[in-house]
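Comments concern the structure below.
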Amino acid sequence: MTNQYTGGPALLQERRVVTEIPGPESCALHARKNAAVAQGVGTTLPVYTVAAGGGVIVDVDGNSFIDFGSGIAVTTVGNSAPLVAAAVSEQVQAFTHTCFMITPYDAYVRVAEALNRITPGTHEKRSVLFNSGAEAVENAVKIARTYTKRQAIAVFDHAYHGRTNLTMAMTSKNMPYKSGFGPFASEVYRAPLSYPFRDVGIDGPAAARRAIDVLEKQVGAENLAAVVIEPIQGEGGFIVPADGFLPTLLEWCRANGVVFVADEVQTGFARTGAMFACDHEGVVPDLIVTAKGIAGGLPLSAVTGRAEMMDAPHVGGLGGTYGGNPIACAAALAVIETIDRDGLVERARAIGTTMLERLLSFADPRIGDVRGRGAMVAIELVKPGTDEPDADLTRAVAAAAHQQGLVVLTCGTYGNVLRFLPPLSMPDHLLAEGLDLLEQIFKDA
Ligand SMILES: *Cc1c(COP(=O)(O)O)cnc(C)c1O
């Protein structure tokens, strides 16, 4: 059976629960995991994967899960999407690594050209490739600092930018990301976000002015190299800022020579029903950071931006052994081709419409907010009639979903957000089945 959106892979597109979850084979593997892998690496749902594609993940016990997680917004085009699998196989036969800084290859250049073309804005751009989202965020900061000759970096409440030393400082949430791992990098300042569910009565421009006021009073625009922001927050709770928040911030950055950096690691590559989330409000960032959905699961990330900023660091100042690995580049080119060929921007929008309609129709008083764009949708769970977070209910709903063969993830500063990130190769019948399951779980909870 082929998937109607990608033409493959030949994996039965059904939810199938044939054992306890996790099943016996998974439990045995998990015991070995606990004996061999550092416990700091947690697992959301310890079922061990043997295959995935379309809209399902199949485990070692023969269970088939509907995937509402995409490996955290990574397999946006689907797992082992046909063009990606073919491009990777071809590249792995030709060569696996030379190091682009030693003897380069054209796949890297083609990825840079593609990123320069598809990211917001028609200005002259350059790109540089890395391995992880955090590494790319760090490099965006290096670029902004050399360009502006300033040091301070502004980030926001609820932000998530990664787990390396600089990005831990930029990330907001203590547990589990920061606790015990200090000291953190200096010259990182935090401003209030626009969080429509929790700041009723403050519109987007007003929320931006509130943030700008903090930055002007506590940092000073003349000291600020960059404002780094997720246009829709990911780990922080899928918070979509009120209309006008991002444009107002951007305008202030422009007026004050501050580099505006969009961290689109989670929101990029068709996920939100636009190629990039900035596109929804016509925001053209100076630098844009991408990763996750860029290469169908192969490790790749990028910084793309204004040529004069990107060219500020000296020769040899940017790079890394594996950055822009040829196999990851081949995958990225296939991802971009798949998004275009299969109309996945439109597909994300359609998935979003379906999800928002269905979730709103639950009309459950414990669902305080339904929000998101495209195939990046979340519900925030609260004690009925209040905005008091209900993390226990969130955990219980996620656990029930997992038991019944539906992979969902939680997020949010208060741990009370259920997020839904289906691959865009998800067939309609599985999307509907996953939402039916959730409705029943809320009825039973
Ligand atoms: C996941 C994420 C990162 C970090 O990416 P890694 O590849 O895990 O280092 C940074 N920013 C955002 C918005 C993310 O969602």
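The table below lists the values:
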quantity: Whole-number D in µm²/s for region 365-445 (Stokes-Einstein; Kirkwood sum over Cα pairs; 25 °C, 0.890 mPa s); calculated: 190 µm²/s
quantity: Size descriptor, Kirkwood hydrodynamic radius, that averages inverse alpha-carbon separations across region 218-274, Å; calculated: 12.4 Å
quantity: Fewest-first ranking of GLU439, GLU124, using other Cβ atoms within 10 Å as the exposure measure; calculated: GLU124, GLU439
quantity: Computed helical MRE - 222 nm, the chain, DSSP H runs ≥ 4 contributing -39500 (n - 2.57), nearest 500; calculated: -11000 deg cm²/dmol
quantity: DSSP beta bridges in region 83-341 [antiparallel fraction, %, rounded to 5]; calculated: 40 percent
quantity: Placed amide H near LYS125: partners under 5 Å, 5+ positions off or other chain; calculated: ALA307
quantity: More than 22 angstrom apart: percent of Cα pairs within region 283-408; calculated: 59 percent
quantity: Antiparallel %, DSSP beta bridges [both residues in the chain], to 5; calculated: 65 percent
quantity: Residue exposure sequence - HIS280, HIS123, HIS161 - by fewest surrounding Cβ within 10 Å; calculated: HIS123, HIS280, HIS161
quantity: Translational diffusion coefficient (Stokes-Einstein; Kirkwood radius from C-alpha pairs) of region 138-230 at 4 °C, 1.567 mPa s, in µm²/s; calculated: 93 µm²/s
quantity: Sorted peptide list for 419-431, 351-363, criterion being average Cβ within 10 angstrom, highest first; calculated: 419-431, 351-363
quantity: Amide H partners (placed H, <5 Å) of LYS383, local residues excluded; calculated: GLU388, ASP390
quantity: For region 218-227, Karplus couplings with θ = phi - 60° (6.51, -1.76, 1.60), whole Hz, Gly/Pro x; calculated: 9, 10, x, 4, 5, 9, 8, 7, 8, 9
quantity: Label-zone membership for region 63-84, site GLN403, 7 angstrom Cα→C-beta point, backbone N under 15 Å; calculated: none
quantity: Phi to ³J(HN,Hα) by Karplus 6.51 cos²θ - 1.76 cosθ + 1.60 over region 114-131, Hz, x for Gly, Pro; calculated: 5, 4, 4, 7, 8, 6, x, x, 9, 5, 5, 10, 9, 10, 9, 10, 9, 9
quantity: Computed label-point distance, nm, for sites ARG341 and THR96 using a 7 Å Cα→Cβ extension; calculated: 2.6 nm
quantity: Cα centroid separation - region 330-367 against region 80-109, whole Å; calculated: 28 Å
quantity: Order of HIS97, HIS402 - criterion: other Cβ atoms within 10 Å of each residue's Cβ, fewest first; calculated: HIS97, HIS402
quantity: For region 83-341, convex hull volume per residue from C-alpha positions, Å³; calculated: 125 Å³
quantity: ³J(HN,Hα) computed for each position of region 401-416 - Karplus, 6.51 cos²θ - 1.76 cosθ + 1.60, integer Hz, glycine/proline x; calculated: 4, 4, 4, 9, x, 10, 7, 10, 10, 10, 6, x, 4, 9, x, 10
quantity: Cα centre as origin, Lys/Arg/Asp/Glu Cβ charges: the chain dipole, Debye; calculated: 820 debye
quantity: Gain in span if fully extended, PHE362 to ASP203, counting 0.36 nm per residue against the direct Cα distance; calculated: 54.5 nm
quantity: Principal axis box of region 212-322, alpha-carbon based, largest edge first, Å; calculated: 42, 37, 23
quantity: Cα lying deepest toward the dipole's positive end in the chain, options GLY412, ILE66, GLY53, charges on Cβ; calculated: GLY412
quantity: Separation in nanometres of the label points that stand 7 Å from Cα toward Cβ, at ALA51 and TYR322; calculated: 2.7 nm
quantity: For the chain, radius of gyration divided by Kirkwood radius, i.e. Rg to Rh on alpha-carbons; calculated: 0.96
quantity: Separation between Cα centres of region 250-307 and region 396-445, rounded to whole Å; calculated: 27 Å
quantity: Residues whose placed amide H lies under 5 Å from that of ASP369, excluding near-sequence neighbours; calculated: GLU380
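Laboratory data are not the source of any read-out in this text; all were calculated from the coordinates shown. Only a predicted model underlies this, so the values are computations on that prediction, with no experimental measurement involved. Every residue, glycine among them, receives a Cβ derived from its backbone with ideal geometry; neighbour counts consider all protein chains shown.
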